[in-house]
Each structure stands twice: as structure tokens, then as C-alpha cells.
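A.B. asks: Below is the structure I would like to discuss, written out as C-alpha cells.
The values are calculated or read from the model by the stated rules, or taken from the named source; none is laboratory data. Remember, it's a predicted structure, so these values are computed and weren't measured experimentally. Cβ atoms come from the backbone with ideal geometry, glycine included; neighbour counts cover every protein chain shown. Ligands, DNA and RNA are excluded from the accessible area calculation, which covers all protein heavy atoms including side chains. Shrake-Rupley method; radii C 1.70, N 1.55, O 1.52, S 1.80 Å.
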Amino acid sequence: NWALIDWKVGAEYDLTDAATGGTGSFTWTLESGSLPPGVAIRDFSAYSEPAALAGVANTPGDYTFTLRATSGPSFATKQFSVRITALNLMDGFSLPDAYDGAAYSYTLTPVNNAGVVSYSVTGGALPAWATLTNGTISGTPTGAGSANFSIMYSDGTDAVTRSFTLTTNKIHISNSP
């Protein structure tokens, strides 16, 4: 049983579940349960890729289903559990740039949250000059560079992790004359 949690509504989802053995060629079918609305089994064998679950989930909820991979006379099944959540962030994956020596403050904006959202860095690290407090990344940069990190945000019902990039530039060109 392979469990996946908190797949966001409107987010594209592509899970490639490779199988081995048999004749090397597989047919994938839905054995039981139902896929999240907007998601389907796709056969990418014409592109020399394994089949995948692909699509854009559009209805929050918990979904349990079993997929069957058939190769010649042999087959195997695997059960999946997916939670589709409406919890998301309005923010892009690349945060607004910071500038060396200039105070920086950016607040993440949750949408469709069921309650107060909490935030924590769960992968990589914020730049050494930055802190994360109540969804606000702030501090004063002390040099140029780029940081890649993941933040988990939770509304007490669902928890989602998103990766971000924050670039700090040495030079800032403004639009003012």
C-alpha cells in the first residue's frame, strides 16, 4: 500500500509507478475504487515512458483506489490513498528577489485554509540572514546568492510542502530616475 497525502486542487499530478517483470510491456487498469476527478490513467508507452496517473485534480477529498498492471498472463495490483486538499499558496515558486544590505520582508499568502496556517522549513535552508515567522520571510541580506528550501504549511486539517527559491542580488536597479 503506497500512501500519498495532500495533493492540491488545481495542481497537475503525475505519478509514474513503474513495474518490472512479465513481458516488459504493461497495461494499466483501475481495479477498484475511484481516481480523483480530473485524474486518469495515461499510457505513455508510445513515448517509451511507463504509464502514469496524470491530470489536474479538481475536487477535494480522500480517494482510495487499486491499480492493476498486466503483462502477458501475469499481473500485480497496488492500492493507493490520496488526499486532495484545497489548501494552497498564492505565491510562486520563485520568491521576490532580495538585495544585499536592504531589508527584506515577504509574507506567504494561503488560500482555502480551514484555519490559522502555521509554517516551517522542512528541506534545504533559508539564507543565513533570513527567518520565517508566521509565514513572513524577513531579514537583511549580507551578500549575494541563491537559496532553495521547502516550507510545510498547515491549516490544522491539511499539510502541504512547497519548494521555493530566493535569490539575493548584489546590485539593485530601481525604476526611479
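A.B. asks: For segment 112-136, what are the residues that are hydrophobic (A, V, I, L, M, F, W, C) and closer than 24 Å to THR59 by Cα?
C.D. replies: Within segment 112-136, ALA114, VAL116, VAL117 qualify.
A.B. asks: Hey, another quick one. Looking at segment 81-97, is at least one residue open to solvent by less than 70 Å² (accessible area, probe 1.4 Å), touching a Pro at 6+ places or on another chain (Cβ under 8 Å), assigned to a strand (DSSP E or B) and without any contact (Cβ under 8 Å) to a residue 60 or more places away in the chain?
C.D. replies: So far as segment 81-97 goes, no, none of its residues is open to solvent by less than 70 Å² (accessible area, probe 1.4 Å), touching a Pro at 6+ places or on another chain (Cβ under 8 Å), assigned to a strand (DSSP E or B) and without any contact (Cβ under 8 Å) to a residue 60 or more places away in the chain.
A.B. asks: When the residues of segment 26-51 are filtered to those that are under 24 Å from the mean Cα position of the chain (by Cα), among the small types (Gly, Ala, Ser) and in a loop (DSSP other than H, G, I, E, B), which remaining residue is modelled with the lowest pLDDT?
C.D. replies: Ranking the candidates gives ALA51 first.
A.B. asks: Something else about it: Within the bounds of segment 160-171, is there any residue that is open to solvent by less than 20 Å² (accessible area, probe 1.4 Å) and modelled with pLDDT under 95?
C.D. replies: Looking through segment 160-171, at least one residue is open to solvent by less than 20 Å² (accessible area, probe 1.4 Å) and modelled with pLDDT under 95.
A.B. asks: Now for a different question. Among (1) part of a strand (DSSP E or B); (2) over 15 Å from the mean Cα position of the chain (by Cα), where does THR59 come up short?
C.D. replies: All conditions pass for THR59, except number (1).
A.B. asks: In addition: Within segment 77-95, can you find the residues that are within 29 Å of LEU132 (Cα to Cα) and not hydrophobic (A, V, I, L, M, F, W, C)?
C.D. replies: Once the filter is applied, which keeps residues that are within 29 Å of LEU132 (Cα to Cα) and not hydrophobic (A, V, I, L, M, F, W, C), segment 77-95 yields ARG83, THR85, ASN88, ASP91, GLY92, SER94.
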